[in-house]
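Trainee: Got a structure for you, written out below as structure tokens; questions coming shortly.
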């Protein structure tokens, strides 16, 4: 751990394997429908990535990541909805030019907070800034007063509950329980046909790798080490002169922004946004993905998200009764037996074997014989 | 929003909504009492608490059906038996869960949250498979229906008063058990220092198991009370879990008195606001107020001063 580069060799291999898997293997083997499903799962991977920084490294368990996912998603959806509700498209409404659900709820003019979302630049800024600032406010209020651990988890959960009730209740402004549906174009470019889905998939994977690199950088910088130190012995870090609260706020904000980017990608790829991705249940499910993948592993979280969601889709298609038993059981098993998730299993059992295979191919000291592995055998 | 009502009307509204909130208050107090024991004392975040409550509600429903079918003459008294059965059923399940799951996790409080969430998913699916996905309602005996006329404009529902009295009774007994009995002293000793408590001869494993069982059992009784305000479905419990945690945190996690005070203020605020605006906005405002106050005063209303 002496080098300060933000990826070391084995991590670089891991990232490349993931890149090949997402960019080459999946698009070649899956049809567009399944690829779009993967795109949907990967939007949760952004959240899981944020949780690795915030929960795995910082030790701050947030049960309200759905809030930020939702804020990002709704920002994007508002822009797309406005574009879909042009005067020509909505001329059968009593007030043309406003989104359909507003018309159904007897709202006759576009509300003030909707107006800036006519601009794509503003929307992109809002996707980052709105959840970021919201997380900053919550984080400052909580961490400056040294509220942490379970209390923080419960309060973030309450925030998720509040936002869901608010979105469902204010039907005229938010689309209510149905959410914002029927999103059509992005700057005139139709997002619904198959080729657009493929383009959006690759765009999303690109964003995901940018986020992975940011996470890697945070992890390997001094900042990441302070986060770990803080998780292990908070008082000692505080007595060393660091402002613990500021580091926690930073980790929480990063996680919030990642989640928001995921939410925006969700609105783009799936074509709608609804409060069922904001509340307590989805927020905890997002924590599940991270826990299954491994809360300490950036790449593990992504594999965990994909795996749990694949299992969810295929199990709930074939055995809808068993699915909740499976998910609940998986969760209990991960917590009891494998607290470090898939990445922990990989690191404890698989990695050492691969290392042994590789090292046995290196030149041996004299008199050292090992006939178990033939020379030139590929390691994988 | 108050402008359209005269002062006398407003008084009546507050009293009526206050009594209407009594059952909600009782459910909150009973749920929160169980949670205050499990979370406040043991430090376990029991996300399956709502499911233990719903188990109590289903037991009440089954008892009521049983009495209707086989003992119609005794139907008026079934509720008392139902509550005892609910307590026993939820308590027994709680002790089983503690033995299988929770006892491995006392050193990792945040992980209990995840594990019990998994448990709650499994319980929900179990209820769905056993009782069906449709919500069921319980028929109340005749004497619990109707209301008392206090004045011309004020009516008080009888079942609210009944549940209220019951809640007071249970709360007093819990407080007695926790603060006056030998067993309560053992519980508090284990909570403060598990190793030392074990060293002076307390069977910490047994204490843990019974404490968790007690908390879950009280949740079962809360389920009995819950059948009066809502219909019971596999996921009904989930709706209450956040509120209950907020009640406990708002009251100050280790304080029973604080739990009662905060359950009272939260349920009454919500019930009163519901008269003036939609139910969802009333809930949003109540929760926002609680979160806001918690940001200013994170230790809750009644905090015990404990050295850590």
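Every number in this text was worked out from the coordinates using simple rules, so none of it is lab data. Note that the structure is predicted; figures quoted are calculated from it, not measured. Don't worry about glycine lacking a Cβ; one is built from the backbone with ideal geometry, like all the others, and counts go over all protein chains shown.
Trainee: Need one word for chain A: rounded, prolate or oblate. Basis is the Cα gyration tensor (sqrt eigenvalues a ≥ b ≥ c); a/c below 1.5 gives rounded, then a/b vs b/c decides.
Mentor: prolate
Trainee: Rounded, prolate or oblate: which fits segment B:132-235 when a ≥ b ≥ c are the square roots of the eigenvalues of the alpha-carbon gyration tensor, with rounded for a/c under 1.5 and prolate only if a/b beats b/c?
Mentor: It comes out oblate by the Cα gyration axes.
Trainee: May I pose another question? Run the quick spin-label model on residue B:100 and residue B:239: label points 7 Å from Cα toward the beta carbon, then report their separation in nm to one decimal.
Mentor: 2.8 nm
Trainee: Additional query: State, as an integer percentage, the relative contact order of chain A based on alpha-carbon contacts under 8 Å between residues 6 or more apart.
Mentor: Value for chain A: 30 percent.
Trainee: Let me ask something else about it. State, to one decimal in nm, how far the label point of residue A:28 lies from the label point of residue A:210, with both points 7 Å from Cα in the Cβ direction.
Mentor: It is 2.7 nm.
Trainee: Over the protein assembly as shown, consider all pairs of different Cα atoms and compute the Kirkwood hydrodynamic radius from their mean reciprocal separation; express it in Å, one decimal.
Mentor: 27.4 Å
Trainee: Something else now. So if I average 1/r over every pair of distinct C-alpha atoms in segment A:1-115 and take the inverse, what Kirkwood radius in Å does that give?
Mentor: Every distinct Cα pair counted, the radius reaches 18.4 Å.
Trainee: Moving to a separate point now. Roughly how many whole Å is it from the C-alpha centroid of segment A:55-92 to that of segment A:12-45?
Mentor: Cα centroid of segment A:55-92 versus Cα centroid of segment A:12-45: 23 Å apart.
Trainee: Given the options A:225, A:353, A:295, state which has the largest fluctuation in a GNM of chain A using a 10 Å cut-off (strictly under) for Cα springs.
Mentor: Highest fluctuation of the listed residues: A:353.
Trainee: Would you mind computing, in nm to one decimal, how far apart the modelled labels at residue A:87 and residue B:14 are, each placed 7 Å from Cα along Cα→Cβ?
Mentor: If labels sit at residue A:87 and residue B:14, their model points lie 5.3 nm apart.
Trainee: Also, I was wondering about something else. Looking only at other chains, what is the average number of their beta-carbon atoms within 10 angstrom of each beta-carbon in A:321-332?
Mentor: Rounded to a whole number, the mean comes out at 6.
Trainee: Would you mind pulling out the separation of the Cα centroids of segment B:79-148 and segment A:94-136, in Å?
Mentor: Centre-to-centre (Cα) distance: 42 Å.
Trainee: Also, I was wondering about something else. Where the centre of each part is set by its Cα atoms, how far does segment B:27-71 sit from segment B:160-194, in angstrom?
Mentor: Value for the Cα centre distance between the two parts: 16 Å.
Trainee: Let me confirm one metric for peptide B:287-299, namely the mean number of other chain beta-carbon atoms within 10 Å of its residues' beta-carbons.
Mentor: Per-residue shielding by partner chains comes out at 4.
Trainee: Can you show me the helix-derived [θ] at 222 nm for the protein assembly as shown, built from DSSP H runs with n ≥ 4 at -39,500 (n - 2.57) apiece and divided by the number of residues, rounded to the nearest 500.
Mentor: Helix-only estimate at 222 nm: -22000 deg cm²/dmol.
Trainee: Sticking with this one: Give the peptides B:287-300, B:80-93 in descending order of average Cβ contacts within 10 Å, highest first.
Mentor: Order by mean packing, descending: B:80-93, B:287-300.
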